[in-house]
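A short worksheet on the structure shown next.
Only the coordinates and a few stated rules stand behind these numbers; no lab work does. Just so we're clear, the structure is a prediction, and the values are computed from it rather than from any experiment. Backbone-built Cβ (ideal geometry, glycine too); neighbour counts: all protein chains shown.
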Amino acid sequence: MDKLEQYRAAIQNLLARYANQDYCHSNPDIETQLIFDTQRDHYQWMDVGWQGLNRIYRIIIHFDIKEGKVWLQQNLTELNPAEELVAMGVPRGDIILGLHPPYKRPYTDYGVA
């Protein structure tokens, strides 16, 4: 399996595992959606629905793959998906914390872009 396919599989497995565990809510009016765009390399776990009179439409975790790097664009959980990707074989230098501004990225344990 080439690097890109490995990264796609790792992200999809991670998001599917998160969505199928207790990290998700129990409200039957909110649907958990996994969106895997393998042609453009966008991967999201999101919630859509209603909580009482409030519309719920939020992206919980969002990854992109750009120029051979995995970009963590959003993480609204207390989980550490970047570390879990490292445990799955993705090198730290190939993970970019896009949710941090560029000036902070050199101070993380991950890649810089």
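Please state the charge dipole magnitude for the stretch 49-101, taken about the Cα centre, from unit charges on C-beta atoms (+1 on K and R, -1 on D and E), reported in debye and rounded to the nearest 20.
The dipole magnitude comes to about 220 debye.
Please compute the contact order of the chain in relative form: average sequence separation of alpha-carbon pairs under 8 Å and at least six residues apart, divided by the residue count, as a percent.
Taking the mean separation of contacting Cα pairs over the length of the chain, I get 17 percent.
Specify the angular offset, from 0 to 90 degrees and rounded to the nearest 10, of the alpha carbon long axis of helix 3-20 from the longest principal axis of the alpha carbons in the chain.
Approximately 30 degrees, to the nearest ten.
Calculated from the structure, mean projected area of the Cα convex hull in nm² equals which of (i) 8.1; (ii) 16.4; (iii) 7.6?
Of the listed options (i) 8.1; (ii) 16.4; (iii) 7.6, (iii) comes from this structure.
As an exercise, identify the chymotrypsin sites (Phe, Trp or Tyr not before Pro) in the stretch 82-113 lying in DSSP coil whose Cβ has no more than 16 other Cβ atoms within 10 Å.
Here the sparse-neighbourhood loop sites are TYR103.
To the nearest 20 Debye, how big is the dipole of the chain about its Cα centre, given +1 on the beta carbon of each Lys and Arg and -1 on that of each Asp and Glu? Can you show the working numbers first?
Values: 11 positive and 15 negative charges, 64 e Å.
Computed about the Cα centre, the dipole is about 300 debye.
Which is the longest stretch in the chain that no exposed loop site breaks, taking sites as trypsin sites (Lys or Arg not before Pro) with a DSSP loop state and at most 15 other Cβ atoms within 10 Å?
After excluding every exposed loop site, the longest remaining stretch is 41-103.
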